[in-house]
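As structure tokens, the structure follows; a few thoughts come after it.
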Amino acid sequence: MSLTCFDDLIGIKGECGTPTTPESGLWVQDITELHIGNFDKTITKEQNSGFEALQDIMGFASKEMAHDFRMGFMDKFDAKSIIENDVVGHWKKDLQQQPSEPTYLRGIHTYLESDPYMSLFISEIRVQSQTTGTVNVEVWDLTQNKLLDTIPVTSVAGEVSTAQVYKKYNTNKQRLDLFIGTDGGTDEMYQTNINIKQCCNKTSYRNGVGRFYGAKILDGGSMTAGNLMGMTGTAGVSITYSVSCDFDQWLCSQRHLLGIPFLYKIGEESMRDFKYAKRLNDIVTLHRADHTELMEYYNEKYQRSMEQIFSNLQVPNNVCFQCRKQVRTRISLP
């Protein structure tokens, strides 16, 4: 996967406009061989310029480095840890209609505690509408008063209709406070309980990592937790979710350590690109042996800098990580 947290770690001099100083203070051109003119001589038909070719290499290098980082700490990370997996919103019997409420959004208030490096993954959203059409399910971040997603669900009157969502929402070491709901005036729904075991008009339930509430809020107002009102059930909205550990949140929090290895990985991948380029010019044909030697050199520098991180970086001691044997790995050059 691509990690945007590496996007500003290494800079490129010579890009259009005034380049922003990179987070690490390092530039691609800190490696002598890596200047735009050389990349101009190796571009493929799919690339418009040497600058674009260099960006492609940096993107690939970041994925390679992230993979190596994950593998280096995998023996201490509980990669299979799904902390919770459940459904919120269960249909009542006999198609009980949900009275409409114009001016309100209605649905599910989701609140996760501030356990570090957790993520909420929503795999499916279901609705049971009284009409055929499209029901738009909105996902709001109540901490920021920010609309995160609008998910259309194609509905058939009286049927349980499903949208495959595959959305992940990170805690980022903070509380995760979301509202997931539909328009209470235009979307005519059938009633749902908050939980399959719900009785006695309860409006919420909780598990080991979070709390879930039936809730409504004035549409068009400030979408914050203080403006939510509790309600019985989830007004025809159901989600399938899981809560799990997310290694990449921790990886991104350590990016300040990865500037030097990232630069060497860019150097290694650039020399590989030069070595196997198909164009016939001096940078490709006359210096192929140099490219091989430099590729091996940058790989060795990359490995050493990564091994320093693996040997010295202390992992968190929480539900996602376990303090076991010291990490030791070596990334072999293909």
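Miscellaneous remarks
- Residue that is modelled with the highest pLDDT, among those in the stretch 13-43 that are part of a loop (DSSP other than H, G, I, E, B) and among the polar types (S, T, N, Q): 24
- Top-ranked residue in the stretch 44-61 [being modelled with pLDDT of 75 or more and either among the β-branched types (Val, Ile, Thr) or assigned to a loop (DSSP other than H, G, I, E, B) (or both); ranked as farthest from residue 290 (Cα to Cα)]: 49
- Restricting the stretch 87-114 to residues that are of a type in the set (D, E, K, R) and either out of contact with any strand residue (DSSP E or B) (no Cβ under 8 Å at 6 or more places or on another chain) or more than 17 Å from residue 171 (Cβ to Cβ) (or both), the residue that is surrounded by the most Cβ atoms within 10 Å (Cβ to Cβ): 106
- Enumeration of residues in the stretch 1-12 that are modelled with pLDDT of 85 or more and surrounded by 12 or more Cβ atoms within 10 Å (Cβ to Cβ): 5, 6, 7, 8, 9, 10, 11, 12
Quick grid of which residues meet (1) in contact with a Leu (Cβ under 6 Å, 6 or more places away or on another chain); (2) surrounded by fewer than 21 Cβ atoms within 10 Å (Cβ to Cβ); (3) within 13 Å of residue 109 (Cβ to Cβ):
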residue	(1), (2), (3)
175	no, yes, yes
180	no, no, yes
184	no, no, no
189	no, no, no
205	no, yes, yes
214	no, no, yes
222	no, yes, no
226	no, yes, yes
230	no, yes, yes
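- Single residue of 178, 258, 228 found to be more than 30 Å from residue 55 (Cα to Cα), in contact (Cβ under 8 Å) with a residue 12 or more places away in the chain and within 24 Å of the chain's Cα centre (by Cα): 178
- Residue within the stretch 272-281 that is in contact with a strand residue (DSSP E or B) (Cβ under 7 Å, 6 or more places away or on another chain) and touching a residue at least 12 places away in the same chain (Cβ under 8 Å) present: no
The values are calculated or read from the model by the stated rules, or taken from the named source; none is laboratory data. None of the values given here were measured: they were computed from a predicted structure. Cβ: placed from backbone, ideal geometry, glycine included. Neighbour counts: every protein chain shown.
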